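Taking it in order: structure first as C-alpha coordinates, then the write-up.
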Ligand code: AMP
Ligand code: MG
(Lines give C-alpha, C1' and ligand atoms only; values in the text may rest on other atoms or scores of the structure.)
(Ligands and ions follow the chains in the order given, each with its own letter.)
Protein backbone atom coordinates (compact mmCIF):
# COMPACT_ATOMS: atom_id res chain seq x y z
CA UNK A 1 0.00 0.00 0.00
CA UNK A 2 1.13 3.55 -0.69
CA UNK A 3 2.66 2.71 -4.05
CA UNK A 4 1.58 5.91 -5.75
CA UNK A 5 2.86 8.09 -2.91
CA UNK A 6 6.25 6.36 -2.86
CA UNK A 7 6.60 6.53 -6.64
CA UNK A 8 5.68 10.22 -6.81
CA UNK A 9 8.14 11.06 -4.04
CA UNK A 10 10.95 9.14 -5.71
CA UNK A 11 10.31 10.70 -9.11
CA UNK A 12 10.37 14.15 -7.56
CA UNK A 13 13.79 13.45 -6.03
CA UNK A 14 15.13 12.07 -9.29
CA UNK A 15 13.75 14.94 -11.32
CA UNK A 16 16.03 17.29 -9.36
CA UNK A 17 18.99 15.22 -10.50
CA UNK A 18 17.85 15.25 -14.09
CA UNK A 19 16.76 11.61 -14.07
CA UNK A 20 13.30 11.24 -15.43
CA UNK A 21 10.81 8.42 -15.57
CA UNK A 22 7.28 8.55 -16.77
CA UNK A 23 4.88 7.24 -14.12
CA UNK A 24 2.13 5.03 -15.50
CA UNK A 25 -0.83 3.84 -13.47
CA UNK A 26 -1.90 0.44 -14.80
CA UNK A 27 -5.29 0.64 -13.10
CA UNK A 28 -6.01 3.96 -14.81
CA UNK A 29 -5.41 2.43 -18.25
CA UNK A 30 -7.78 -0.42 -17.36
CA UNK A 31 -10.34 1.94 -15.89
CA UNK A 32 -10.45 4.16 -18.99
CA UNK A 33 -11.58 1.21 -21.08
CA UNK A 34 -13.84 -0.24 -18.39
CA UNK A 35 -15.67 3.01 -17.79
CA UNK A 36 -15.99 3.81 -21.53
CA UNK A 37 -17.69 0.43 -21.91
CA UNK A 38 -19.97 1.17 -18.97
CA UNK A 39 -18.63 -1.79 -17.03
CA UNK A 40 -17.82 0.15 -13.86
CA UNK A 41 -18.22 3.63 -12.44
CA UNK A 42 -15.39 3.39 -9.93
CA UNK A 43 -11.84 1.97 -10.25
CA UNK A 44 -12.34 -0.13 -7.13
CA UNK A 45 -15.17 -2.04 -8.82
CA UNK A 46 -12.85 -3.55 -11.42
CA UNK A 47 -11.55 -6.31 -9.16
CA UNK A 48 -15.04 -7.83 -8.92
CA UNK A 49 -15.60 -7.96 -12.71
CA UNK A 50 -15.68 -11.43 -14.29
CA UNK A 51 -12.22 -12.92 -14.74
CA UNK A 52 -12.33 -12.89 -18.54
CA UNK A 53 -13.16 -9.19 -18.57
CA UNK A 54 -10.42 -8.31 -16.08
CA UNK A 55 -7.99 -10.25 -18.26
CA UNK A 56 -9.09 -8.44 -21.39
CA UNK A 57 -8.73 -5.06 -19.69
CA UNK A 58 -5.32 -6.11 -18.42
CA UNK A 59 -4.15 -7.16 -21.85
CA UNK A 60 -5.32 -3.95 -23.50
CA UNK A 61 -3.64 -1.87 -20.79
CA UNK A 62 -0.38 -3.80 -21.19
CA UNK A 63 -0.37 -3.29 -24.96
CA UNK A 64 -1.02 0.43 -24.62
CA UNK A 65 1.66 0.83 -21.95
CA UNK A 66 4.21 -1.14 -23.96
CA UNK A 67 3.81 1.36 -26.80
CA UNK A 68 4.84 4.25 -24.55
CA UNK A 69 8.42 3.06 -24.62
CA UNK A 70 11.43 3.32 -22.34
CA UNK A 71 11.96 4.72 -18.87
CA UNK A 72 8.56 4.12 -17.45
CA UNK A 73 7.57 3.12 -13.95
CA UNK A 74 4.35 1.19 -13.75
CA UNK A 75 2.24 1.55 -10.63
CA UNK A 76 0.30 -1.68 -10.43
CA UNK A 77 -0.91 -4.56 -8.29
CA UNK A 78 1.21 -7.69 -7.99
CA UNK A 79 -2.02 -9.66 -7.54
CA UNK A 80 -5.62 -8.58 -7.37
CA UNK A 81 -7.94 -10.05 -4.77
CA UNK A 82 -11.04 -11.15 -6.67
CA UNK A 83 -14.08 -13.00 -5.31
CA UNK A 84 -12.62 -16.15 -6.87
CA UNK A 85 -9.11 -15.86 -5.53
CA UNK A 86 -5.95 -13.96 -6.41
CA UNK A 87 -5.59 -12.88 -10.02
CA UNK A 88 -2.03 -12.36 -11.23
CA UNK A 89 -1.49 -8.69 -12.00
CA UNK A 90 1.22 -9.60 -14.49
CA UNK A 91 0.35 -12.89 -16.15
CA UNK A 92 2.71 -14.11 -18.82
CA UNK A 93 1.15 -12.14 -21.68
CA UNK A 94 1.36 -8.91 -19.68
CA UNK A 95 5.00 -9.54 -18.75
CA UNK A 96 5.88 -10.23 -22.35
CA UNK A 97 4.57 -6.77 -23.25
CA UNK A 98 6.23 -4.94 -20.38
CA UNK A 99 9.46 -6.90 -19.80
CA UNK A 100 10.40 -5.04 -16.58
CA UNK A 101 14.06 -4.73 -15.54
CA UNK A 102 13.18 -4.49 -11.88
CA UNK A 103 10.13 -5.40 -9.91
CA UNK A 104 9.65 -3.44 -6.68
CA UNK A 105 7.24 -4.69 -4.03
CA UNK A 106 6.03 -1.94 -1.71
CA UNK A 107 5.20 -3.63 1.58
CA UNK A 108 3.81 -2.40 4.88
CA UNK A 109 3.10 -4.05 8.23
CA UNK A 110 -0.30 -5.70 8.15
CA UNK A 111 -1.70 -3.77 11.11
CA UNK A 112 -0.73 -0.49 9.48
CA UNK A 113 -2.38 -1.48 6.18
CA UNK A 114 -5.51 -2.36 8.10
CA UNK A 115 -5.56 1.03 9.78
CA UNK A 116 -4.83 2.95 6.57
CA UNK A 117 -7.61 1.18 4.72
CA UNK A 118 -10.11 1.92 7.46
CA UNK A 119 -9.24 5.61 7.43
CA UNK A 120 -9.16 6.04 3.63
CA UNK A 121 -12.54 7.47 2.71
CA UNK A 122 -11.50 8.27 -0.87
CA UNK A 123 -11.36 4.64 -1.95
CA UNK A 124 -13.32 1.44 -1.52
CA UNK A 125 -10.62 -0.65 0.08
CA UNK A 126 -10.91 -4.37 0.75
CA UNK A 127 -12.41 -5.31 4.08
CA UNK A 128 -9.78 -7.83 5.03
CA UNK A 129 -8.48 -8.82 8.42
CA UNK A 130 -4.85 -8.98 9.53
CA UNK A 131 -4.44 -12.59 8.38
CA UNK A 132 -6.03 -11.88 4.99
CA UNK A 133 -3.62 -9.00 4.37
CA UNK A 134 -0.71 -11.14 5.51
CA UNK A 135 -1.69 -13.94 3.12
CA UNK A 136 -2.03 -11.42 0.31
CA UNK A 137 1.43 -9.91 0.87
CA UNK A 138 2.92 -13.40 1.11
CA UNK A 139 1.25 -14.41 -2.11
CA UNK A 140 2.56 -11.24 -3.77
CA UNK A 141 6.14 -12.21 -2.87
CA UNK A 142 5.62 -15.71 -4.14
CA UNK A 143 4.24 -14.59 -7.46
CA UNK A 144 6.97 -11.95 -7.82
CA UNK A 145 9.43 -14.84 -7.92
CA UNK A 146 7.63 -16.23 -10.93
CA UNK A 147 7.76 -12.78 -12.59
CA UNK A 148 11.53 -12.86 -12.11
CA UNK A 149 11.68 -16.32 -13.65
CA UNK A 150 9.73 -15.25 -16.70
CA UNK A 151 11.55 -11.99 -17.42
CA UNK A 152 14.95 -12.05 -15.76
CA UNK A 153 13.99 -8.94 -13.77
CA UNK A 154 15.32 -8.40 -10.27
CA UNK A 155 12.89 -8.31 -7.36
CA UNK A 156 13.25 -5.91 -4.46
CA UNK A 157 10.91 -5.44 -1.53
CA UNK A 158 10.86 -2.05 0.12
CA UNK A 159 9.06 -1.28 3.36
CA UNK A 160 6.70 1.65 3.63
CA UNK A 161 5.86 1.93 7.34
CA UNK A 162 4.02 4.80 9.00
CA UNK A 163 6.07 7.98 9.59
CA UNK A 164 9.00 6.73 7.49
CA UNK A 165 7.80 7.63 4.03
CA UNK A 166 11.04 9.52 3.33
CA UNK A 167 13.02 6.29 3.78
CA UNK A 168 10.81 4.39 1.36
CA UNK A 169 11.04 7.25 -1.14
CA UNK A 170 14.85 7.36 -0.87
CA UNK A 171 15.05 3.60 -1.33
CA UNK A 172 12.82 3.69 -4.37
CA UNK A 173 14.83 6.55 -5.90
CA UNK A 174 18.06 4.63 -5.34
CA UNK A 175 16.66 1.67 -7.27
CA UNK A 176 15.86 3.92 -10.21
CA UNK A 177 19.15 5.81 -10.41
P1 LIG B 1 -4.82 1.31 -7.92
O2 LIG B 1 -5.37 2.63 -8.18
O3 LIG B 1 -3.36 1.17 -8.25
O4 LIG B 1 -5.13 0.80 -6.52
O5 LIG B 1 -5.53 0.29 -8.93
C6 LIG B 1 -6.93 0.25 -9.05
C7 LIG B 1 -7.40 -1.09 -9.55
O8 LIG B 1 -6.86 -1.36 -10.85
C9 LIG B 1 -7.02 -2.31 -8.74
O10 LIG B 1 -7.83 -2.49 -7.60
C11 LIG B 1 -7.25 -3.42 -9.76
O12 LIG B 1 -8.62 -3.74 -9.88
C13 LIG B 1 -6.79 -2.75 -11.05
N14 LIG B 1 -5.43 -3.14 -11.42
C15 LIG B 1 -4.28 -2.43 -11.26
N16 LIG B 1 -3.24 -3.10 -11.76
C17 LIG B 1 -3.73 -4.28 -12.24
C18 LIG B 1 -3.16 -5.40 -12.90
N19 LIG B 1 -1.86 -5.48 -13.19
N20 LIG B 1 -3.99 -6.42 -13.24
C21 LIG B 1 -5.30 -6.38 -12.98
N22 LIG B 1 -5.89 -5.34 -12.37
C23 LIG B 1 -5.12 -4.31 -12.02
MG1 MG C 1 -2.40 4.06 -5.90
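Computed values, structure above
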| quantity | calculated |
| --- | --- |
| Subset tally (residues that are more than 10 Å from ligand 1 (Cβ to nearest atom) and either surrounded by fewer than 13 Cβ atoms within 10 Å (Cβ to Cβ) or within 16 Å of the chain's Cα centre (by Cα) (or both)) for region 52-64 | 1 |
| Count of region 4-26 residues which are more than 13 Å from ligand 1 (Cβ to nearest atom), closer than 16 Å to residue 74 by Cβ and without any contact (Cβ under 8 Å) to a residue 24 or more places away in the chain | 0 |
| Which listed residue, of 57, 105, is assigned to a strand (DSSP E or B) and at pLDDT 95 or above | 105 |
| Selection count, region 143-177, where residues are over 13 Å from residue 109 (Cα atoms) and surrounded by fewer than 12 Cβ atoms within 10 Å (Cβ to Cβ) | 5 |
| Any hit, region 24-38, residues being surrounded by fewer than 18 Cβ atoms within 10 Å (Cβ to Cβ), away from ligand 2 (no atom under 16 Å from the Cβ) and outside any helix (DSSP H, G or I) | yes |
| Complete set of residues in region 80-90 that are more than 8 Å from ligand 1 (Cβ to nearest atom) and either in contact with a strand residue (DSSP E or B) (Cβ under 6 Å, 6 or more places away or on another chain) or part of a loop (DSSP other than H, G, I, E, B) (or both) | 83, 84, 86 |
| Of the criteria (1) farther than 24 Å from residue 160 by Cβ; (2) within 10 Å of ligand 1 (Cβ to nearest atom); (3) not in a helix (DSSP H, G or I), which one residue 1 fails | (1) |
| Some residue of region 157-175 being outside any helix (DSSP H, G or I), within 16 Å of ligand 2 (Cβ to nearest atom) and either more than 24 Å from residue 48 (Cβ to Cβ) or free of Cβ contacts under 8 Å to residues at least 24 places away in the same chain (or both) | yes |
| Conditions (1) over 22 Å from residue 174 (Cβ atoms); (2) within 14 Å of the chain's Cα centre (by Cα); number of the one not met by residue 105 | (1) |
| Qualifying residue in region 41-58 (condition: at positive phi and more than 16 Å from ligand 2 (Cβ to nearest atom)) | no |
| Cβ-Cβ under 8 Å pairs, at least 6 apart or on other chains, region 35-47 side in contact (Cβ under 8 Å) with a residue 40 or more places away in the chain, far side within 14 Å of ligand 2 (Cβ to nearest atom) and in a loop (DSSP other than H, G, I, E, B) | 42/124; 44/123; 44/124; 44/125; 45/124 |
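The values are calculated or read from the model by the stated rules, or taken from the named source; none is laboratory data. These numbers were taken from a predicted model, which means no experiment stands behind them. Positions of Cβ are backbone-derived with ideal geometry, glycine not excepted, and every protein chain shown enters the neighbour counts.
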